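Enquirer: Here it is, the structure, as structure tokens.
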Amino acid sequence: MADLVLKNVEKAYGEVKVLSNVNLDIQTGELIVFVGPSGCGKSTLLRMIAGLERITGGDFAIDGVRMNDVPPAQRGIAMVFQSYALYPHMTVRDNMSFALKIAKKSQAEIDAAVDKAARILQLTPYLDRLPKALSGGQRQRVAIGRSIVRDPKVYLFDEPLSNLDAALRVATRIEIAQLKEQMPNSTMIYVTHDQVEAMTLASRIVVLAGGGISQIGTPLQLYERPENEFVAQFIGSPAMNLTAGQVTGTGATTTVRLENGGIAVSSVPTQVADMGLKVNIGVRPEDLHEATADPIFTGRVEITEALGEVTLLYLARDAAGHQVIAKLPGIRPELRHCEVRLGADPAKVHLFANGRSLLYR
């Protein structure tokens, strides 16, 4: 059990600053997920917490104790890497118990810890097998079990599912969620580039971009109330549609005339001073529906993708090169090459000015 606090944390390699002004409070029992595009610094931040990268500015504390200069082995942290990093000549039992043997724990303590972790991870039948006799998902569970037996204050996961195929990713993701349920007081930090993992596992998500934190919140907060255009488009698949326009009506609801000729009404409130403000409206593909009047988007469907429960519609690009994507329920092959009119509930229409949501002004 541990609380973690990062205050004004920075990371630089010489003159190149890769992370700056990182402020984050992580409470005991949370599963925090770091997400962001490649190169945003999410794995670097995780390694700074683990002590594998030096913190070049700011402070990092666990339970009120400053950890900047504390060696990794003394931080009470266990890390599960992207690669399983198992010893191929050792059995599952020996892989899981190795760290405890190095720590000179008694055999009784070692056996109890390994048996408990094996039960949690459903590895008991495989304890005497070598890693080569296991599937990819089972090997990753062994790597997680090796962390559990140490009973650390904090668990760190660095993209642990990226080496698995699609089916195994889903199964192992569910196992990690179940593991967290069985260990409610364990603090976990999980790095991934997969937003589905982030949305399904996280207590809170930390979105990293541009060398810092773009937004922190629960999965639904980030989905329903993104603070900026980057988060709006990064969370959700397909990405949110963004279209430029100008405010033509203010008040409890806002009317925007779009550059494409459409009219959008948003539940985001505005003031009289916002009249004429240049904005981008944002609408998620799943929030669009066929409209009989006052459409936000009108266009010819170039491609349809039938996914079974939904159909994705890709409208022809406009003069600026923007393409609208809609996600409609059911199978709709008849819409291909047809013109459609799409609207959305005002509560689902987001407004951004200078990249920031008008909700957070």
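Enquirer: Going by what's in this entry, would Val114 be described as under 30 Å from Ala12 (Cα atoms), in the same structural domain as Leu164 (by TED's automatic domain parsing), out of contact with any His (no Cβ under 7 Å at 6 or more places or on another chain) and surrounded by 13 or more Cβ atoms within 10 Å (Cβ to Cβ)?
Expert: No, not satisfied.
Enquirer: Among all residue pairs at least 6 apart or on different chains, which show Cβ distances below 7 Å where the first residue, located in segment 51-75, is among the β-branched types (Val, Ile, Thr) and the second is in a helix (DSSP H, G or I)?
Expert: Cβ pairs passing all conditions: Ile55/Met48.
Enquirer: I'd like the residue in segment 1-35 that is in a strand (DSSP E or B) and without any contact (Cβ under 8 Å) to a residue 12 or more places away in the chain and, out of all such residues, is surrounded by the fewest Cβ atoms within 10 Å (Cβ to Cβ).
Expert: Taking the candidates together, the pick is Val16.
Enquirer: Please go through (1) out of contact with any strand residue (DSSP E or B) (no Cβ under 8 Å at 6 or more places or on another chain); (2) free of Cβ contacts under 8 Å to residues at least 24 places away in the same chain for Ser38 and return the number of the only condition it doesn't satisfy.
Expert: (2)
Enquirer: Output yes when any residue across segment 131-143 is outside any helix (DSSP H, G or I), modelled with pLDDT of 85 or more and closer than 28 Å to Ile26 by Cα, and no when none is.
Expert: no
Enquirer: Considering only segment 154-245, give the strands (runs of 3 or more DSSP E) lying wholly within it that have at least 3 residues that are in contact with a Leu (Cβ under 6 Å, 6 or more places away or on another chain), in the same structural domain as Asn23 (by TED's automatic domain parsing) and not acidic (Asp, Glu).
Expert: 187-191
Enquirer: Mind listing whichever residues of segment 165-223 are among the aromatic types (Phe, Trp, Tyr) and within 21 Å of Arg139 (Cβ to Cβ)?
Expert: Tyr190
Enquirer: So, one more: Can you tell me which of (1) surrounded by fewer than 16 Cβ atoms within 10 Å (Cβ to Cβ); (2) modelled with pLDDT of 95 or more; (3) over 25 Å from the mean Cα position of the chain (by Cα) is the one Ala347 doesn't meet?
Expert: Tallying (1) surrounded by fewer than 16 Cβ atoms within 10 Å (Cβ to Cβ); (2) modelled with pLDDT of 95 or more; (3) over 25 Å from the mean Cα position of the chain (by Cα), Ala347 fails exactly one: (3).
For (1) farther than 24 Å from Gln82 by Cα; (2) part of a helix (DSSP H, G or I), each residue gets a yes or a no:
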site	(1), (2)
Ser97	no, yes
Lys105	yes, no
Ala113	no, yes
Gln122	no, no
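Enquirer: Moving to a separate point now. Cβ-Cβ below 7 Å, separation at least six or inter-chain, first residue in segment 169-191 and touching a residue at least 24 places away in the same chain (Cβ under 8 Å), second surrounded by 13 or more Cβ atoms within 10 Å (Cβ to Cβ) and among the polar types (S, T, N, Q): which pairs?
Expert: The qualifying pairs are Thr172/Gln140; Arg173/Thr200; Ala177/Thr200; Asn185/Thr28; Thr187/Thr28; Val191/Ser43.
The values are calculated or read from the model by the stated rules, or taken from the named source; none is laboratory data. This is a predicted model, so every value here is computed, not measured. Here Cβ is always computed from backbone atoms with ideal geometry, including for glycine, and neighbour counts include all displayed protein chains.
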